[in-house]
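J.: Below: one structure in structure tokens.
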Amino acid sequence: MLQRPILIGGVGLAFALWFLQGWQESLAHLGEFSLMGAIAIIFCLWLFGKYRPKQQVQDLPVNRETVEKAIAQVQVVVDRLEAEDRPTSELREKIAQLEAQIDRQEINLAITGGKSVGKTTLLQVLETQPQDRKLCISETAALFSEVEQTDTAALQSAIASDLILFVTAGDLTDSEYQTLQQLLAAHQRLVLVFNKQDQYLPDDRAAVLYSLQQKMQPMLAAEDVVAIVSAPNPLKVRQHQVDGAVEEWLEQRLPEISSLTQRLEYILQQEAQQLVWATTKRQAEELKAEGKTILNQIRRDRALPVVEQYQWIAAAAAFANPVPALDLLATAAINAQLVMELGAVYQQKFSLEQAQTVAGTMGSLMLKLGLVELSTKAISTVLKTNAVTFVAGGTVQGVSAAYLTRLAGCSLIEYFQQQEEAINSGAGLNLDKLGQTLQNVFQQNQQVAFLHGFVKQSLGRLLPTPQPQA
């Protein structure tokens, strides 16, 4: 019943109105039951929202231009790596392979699914079918282990193909459904194949097929959910002879896969070129991510010493000239220089005026999010464990300035790492994204062990080392 929320909602609403009408004559109770009717209506609307199928945004069609743009973005990342004196020959070879893939005529078809669903048999049957287009069919390992964990290698093997046949032997398990969602989220073209339907009674076959189609809506078209029998059970044949004897034997039946072959034929006729382009685009995006990971690590290794340098400069300035805690970041002019140097590392070009604006924006965000006050209180708590260092003038401000400068620098590093290489100006900061990054970095650096270590390191920088007595 819960699969029909509109029906449930309508019945519930009708019942609520009937219920109210029956009590309409009693004014004393009208208010009470009006409230009950409102609650019933709200419940029906909630039920409709809870069980209404989630709408999925349709993928924009992939064309040659979008593929070439994706490959060009990989080229930009590789150029940046080369500018960092990083070997790029392997990545450039992969780019050349991607460029050659754009006009590929062969379609790669992967058959995947759980254990004992008939993947191997289906592969053998399909290989005997005539094809108008060159089709390379492969089978992945079983997607799931005994404990229903997904085999990552098998999943990646399936994603590398142009088209997937996802085989199941009945209604979907939770693991199968989650994996199908993952494949579709990766923009993978697939057909869901209900195999071994001959093991069900006729009415049950139709029920399972309908259930599969309903569960996959609107993520997958009903036409892309098909029922087949790749290896029908043998049929017992009994023949009565003239002399009264009876002969019996098992007769092997032909596979029943016409619904699948017809769907494949249609897809290959209408979508073959887009399948190749979509695969090439996915591979380009994966290669870009691989190169970006290497590039980010190189830049991070260069950026962190810059952050550490400025955090100690900020600490010394605040220690020597204590300022109110809330002004620690906003009044520190050195943060503008930090922004400029980090921008240079990440190819984000800032003028001095832009850098000052970014530094001011960072300070405002920290104040708005309450990070300055929380950080100062946390550091004060740690310092109170040592009365001598706590009463030293400017200690809280110095340590807090170092901590907030580090927080700002690490947040900018994380923010810059998420930007596209084509961006070369700091004028278009995404404040929502920057604020979220600030919060994430703050949570990562708010661990008690980290704070204790940071305070100890800061005190070593700010306070003179006691000289051993003679």
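J.: Of the listed peptides 113-120, 272-279, 181-188, 205-212, what is their order by residue-averaged count of other C-beta atoms within 10 Å, with the highest listed first?
T.: Descending packing order for the listed peptides: 272-279, 113-120, 205-212, 181-188.
J.: Taking a 24 Å limit on the Cα-Cα distance, which of the listed pairs 288/433; 292/456; 94/292 fall beyond it?
T.: Where the Cα-Cα span goes over 24 Å, the pairs concerned are 292/456.
J.: Okay, next question. Provide the packing ranking of 247-257, 79-89, i.e. peptides ordered by the mean count of other C-beta atoms within 10 Å per residue, highest first.
T.: Ranking, from highest mean packing down: 79-89, 247-257.
FYI, it's all coordinate maths here, none of it is from the lab. Source: prediction; values computed, not measured. Virtual Cβ from ideal backbone geometry, glycine too; neighbours counted across all protein chains shown.
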